[in-house]
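Remarks on the structure that follows.
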Amino acid sequence: SRSSSSYSRNEGMPTPSQESLLSSEPPASEPAPPPEPTGPVPPPSPPSGSPPPPPPSSACQVCSGKLYVSSRCGLCLTCRFKQGNPFVIAKELLAWTMLKAQDSNAVTADIEHILDLRTGRLPAGTAVEVRCLRVDAPEWRYELGHSWPAGISLFVEGQRVLVKKPDEEDETPSGPFDLSNRIARGPMQAHELLRDFTGGIKVPPMKLKLSAAVTAKKTEQWALGLVYAQVMDSDHHICQEVIRRQAPLEDRRRLDLERIFAWVTAHRPDRVSKKDTLRNVEPPVMKLVCCTSLSRIETAARGTECDHLQCFDLASYVHTMRNIPPKHAWCCPICDRPAPLHQIRLDSFAQSVLDATAANVTEVLIADNGKWEVSATDEMEQDEESSDDEDMPAAFRAQHRVTQADLQQAALNLGRAFSAPVAPARGSPTSTNA
């Protein structure tokens, strides 16, 4: 009975040889496997053991580090200390710490490598600043700029150097605190440090201890940092750094053409419905005159979040941001969107138009496919001069001609009317300095 039951249990099942024959050829009723994808090959997987790369939104736009705190400016906390003021370039972040309210906060930094070994002082043109940042800033523009808490007291080696009481903002400077004169060492200490550097006696390393006591709300997060910085008197270095960070020309050209097509298509009059009467329909015109300097654009630039056709001049924009109030700093002068230096992009399309047009062309008309034609020109000054101006000496006309420096200075006088210098009428006595 056991054999019969085993036979009945195995009856109808294929033998191993039959299984191999059945597995070699699939039945006709089974669907064929899907074809191989013909799209782009996916990137290779990272090696085993390495963590997966963070998404682009969680990476710093300067150092590509991880963003542990959400920030709209796209910078990590270390880069916010360094990139906050591009006119005082941070060469090194010596030390930083998070501040706790109603508690003692201390930070120690090595300073012997930044001092001149012969004089015991900082090199010329450099400084050590105490910068304070609001980590959870309410707006993006306050994420880059320095700001103090409601109340703070700074101590260097146990000696108070700065005190700011709540509700007394006018008595304390709003900028970073300069410690350059307080970290200098005497000639004897510098001499011992030099002998230690050359292999002589061994002296303890020079350190700077900074303590801070703050008064702030419990919901606010503040950070304090010691920054070794260099003052930049010229804007040329800043502009060159922006140009160095740009993407390849072909990539920027492709993005510019996509942006132009989207903008021109969205602002066509025939695309506006009759119900949407409040929609702004603008002609696809791009001006070649910068709105900040009132002169012809030399290096066309824009912010990464800007979607308009108009550009601004890079050098004029940087020059304007040097003296502008913090509330309007690093905002696009056209749309008021964020435009810090690390989010500035050179417009390749506008630059090609500038290079291909004459100096008297002021605006062009743009089609959705990227083609353009001149729509307005500025006539030469000789054709617009009146007969009275022609009678004046050439030196007198050149003296009263508006220069680019005058126009840039007028752009800084926000809210004030600007007019070109008016030459005195003929026959009137010329004023002279006594």
Add +1 for every Lys or Arg and -1 for every Asp or Glu among the other residues with Cβ under 13 Å from the Cβ of Q246, and state the total.
+1
Check which residues have an amide H placed less than 5 Å from C331's amide H, if you skip close sequence neighbours.
A339
Peptide ranges 232-239, 285-292, 309-316 listed from the most packed, as the mean C-beta count within 10 angstrom indicates
309-316, 285-292, 232-239
Which lysines, on any chain, are close to K207 with Cα under 29 Å apart, when same-chain ones fewer than 8 places away are left out?
K82, K91, K100, K164, K165
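Read-outs: derived from the displayed coordinates by stated rules, not from any lab. Only a predicted model underlies this, so the values are computations on that prediction, with no experimental measurement involved. Glycine gets a Cβ as well: all are built from the backbone with ideal geometry, and neighbour counts include every protein chain shown.
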